[in-house]
Each structure stands twice: as structure tokens, then as C-alpha cells.
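Enquirer: Below you will find the structure I want to go over with you.
Any read-out appearing in this document is the output of simple, stated calculations on the displayed coordinates, not a laboratory observation. Since this is a predicted model, take the numbers as computed values, not measurements. Note that we place each Cβ from the backbone using ideal geometry, even for glycine, and neighbour counts take in every protein chain shown.
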Amino acid sequence: MFSQTVDLTQLKQGDVIRAAVFPIARIDGTRFLSRLVGTAEGKVTVEAVSDGTPERPFHPIQVQGTCVPCAILSQCCDVSPHQKPPPHSFVVCKLVPVPKTIRKHQGSYETLIANLDPYGGRKAYIQNFWFGDVPGLKGEFMADFAQVTTVSWLDYQQTLAGKTAELDELHRAMFRVKAGAHFGRVAEEDAVAGYDDPYRHADAEAPPKTPYTEKLAQAIRLILGRS
């Protein structure tokens, strides 16, 4: 599951971060930092503080949040420190303890820890990736692809300093496939409308086909069980 050596020079997809600030933004609970702009008859007038740059303005706010273990969800190429220029941010997902309801049900638990092929036709816990006992952490964990947040690239080194484990090449590839399957799920209404593979429609814009792209598309459809 985990590599025997941990590369502390860069982040990779599936890396476990010991603790990351995970904001939980709620519209009604968000508080904008403000400054006084005037008073009249004992009433105070304020405006939200603006920060950042003209190109990327933002407002300092207060939101609820937790400090929890996370896994790098962005692909390896998107968190490479050698990008010039680097992206504005990268994505992490929350690591959560395996629920007791799953652990006490032998069949469900075995399915979870197997990290089954999400395209294999069996229930595969497509929303989760099982990590088990993680070096540097206490407890049994799984990634939850439904709980994600972005991290500023300015916090890359701080995030890297919290790296406690990384997946071996096989399990990193499995993590990538399960994450892709989760975010690539076909909506029921799209499937009913016949848009489960929208680029097969004649009116869909697509690049000119070549023998290579034809073979690749055919292979993908075979993997997904489509004719």
C-alpha cells in the first residue's frame, strides 16, 4: 500500500498529509471582516475589507473548519513543484475514520479494503479509497472524495512539511482510477437521455478522428462495458 520511502521534495497524488485546515463554508455562518466607514445617529456603517490583487481580489472571512488528515487529490503533474508558472492552487480530500457500520459488516468491509475496480461491475465504494493504518496517524482511514477543498499554492511547502506517507505506484494508480470514476459518474438523467457518452453524438464537437483515437475510444468503451 505505502512506499517504504517518503519523497519529501514534492507532493504526489494520494500523499497523506498529517493535518490540513479544512474549511466548512456555510453561507449563513460566514463572517466578513469589515472596516468602519462612517457613523450617523449612533449607527455604524461598515464595508467588507478587500484584499488580494486587482487580478485576484478576495475578502478576508471567518468560516467554520477543522484540522484533519487529508490526501492529495490533484494529479501528480498538477502538484509538481517544477511548474513554471505554478497553478494558483491544488486540491485535497479529507481522510475519515472507517465507520463502525462498515467494519461490523464483513461483506461491506471486505469490499472496502479491497479497493475494487470501480468499473468491474460490483459495488466498489466508489466514493472512498481505503488507506487502512496510515504511518504517523492513529486509526483506520479512508479517503472521502465527496469532501474536498483547495489549498493555495503559497502553502505548498507547509503542506509538504506535513506529508507523512505516500502510496506505492500500484496503489497510487488505483487511487487515481477510483477518484476518476467517482467524479466521472454518469447522471441518471443523462443516461436516460442517451448522453452517457455525449461525444458519440453527431452534433458534438470533436477533433478529427485518427486510427489511434479510434482504437483508444474503442478500448475505453470496452472497459466501461459499452458497445
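Enquirer: How would you rank 100, 123, going from fewest to most other Cβ atoms within 10 Å of each one's own Cβ? If you can, show how the numbers build up before the last one.
Expert: Values: 100 8, 123 12.
Result, fewest neighbours first: 100, 123.
Enquirer: Between the range 171-195 and the range 1-67, what is the separation of their alpha carbon centroids in Å?
Expert: If you average the Cα positions of each part, the centres end up 30 Å apart.
Enquirer: Treating the beta-carbon of each Lys and Arg as +1 and of each Asp and Glu as -1, no other charges, what is the dipole magnitude of the chain about its Cα centre, to the nearest 20 debye?
Expert: The dipole magnitude comes to about 480 debye.
Enquirer: Evaluate the distance, in nm, between pseudo-label points positioned 7 Å from the Cα of residue 110 and of residue 173 along their respective Cα→Cβ axes.
Expert: About 2.6 nm, to one decimal.
Enquirer: May I pose another question? So which lysines can residue 163 reach, going by Cα to Cα under 19 Å and dropping same-chain residues fewer than 8 places off?
Expert: 12, 94, 138
Enquirer: How many nm separate the modelled label positions at residue 158 and residue 146, each set 7 Å beyond the Cα in the direction of the Cβ?
Expert: 3.0 nm
Enquirer: Helix-only mean residue ellipticity at 222 nm, the chain, DSSP H runs n ≥ 4 weighted -39,500 (n - 2.57), per residue, nearest 500. What is it? Before the final figure, lay out each step's value.
Expert: On the way: 6 runs with 51 residues, N = 227.
Here the helix-only value at 222 nm equals -6000 deg cm²/dmol.
Enquirer: Enumerate the lysines that residue 123 could reach by cross-link, defined here as Cα to Cα under 17 Å, with residues fewer than 8 away along the same chain left out.
Expert: 178
Enquirer: Now for a different question. For residue 7 and residue 192 in the same chain, what is the full-extension length gain: residue separation times 0.36 nm, less their Cα-Cα distance, in nm? List each step's numbers first, then the result.
Expert: Details: separation 185, 0.36 × 185 = 66.60 nm, distance 4.58 nm.
Here the segment from residue 7 to residue 192 would lengthen by 62.0 nm.
Enquirer: On to the next question. Test of the criteria: in the range 1-33, which trypsin sites (Lys or Arg not before Pro) are in a DSSP loop and have at most 12 other Cβ atoms within 10 angstrom of their Cβ? All intermediate terms of the calculation are to be shown ahead of the outcome.
Expert: Numbers: sites: 12, 18, 26, 31; in loops: 12, 26.
For trypsin sites (Lys or Arg not before Pro) across the range 1-33 that sit outside H, G, I, E and B with at most 12 neighbouring Cβ atoms in 10 Å, the list reads 26.
Enquirer: Could you compute the FRET efficiency for residue 103 and residue 24, with r as their C-beta to C-beta distance and R0 at 22 Å, rounded to 0.05? Write out the running numbers ahead of the final one.
Expert: Values: r = 26 Å, r/R0 = 1.16.
About 0.30, to the nearest 0.05.
Enquirer: Fewest first, what order do 76, 67 take by the number of other Cβ atoms within 10 Å?
Expert: Details: 76 15, 67 10.
Placing the least packed residue first, the sequence is 67, 76.
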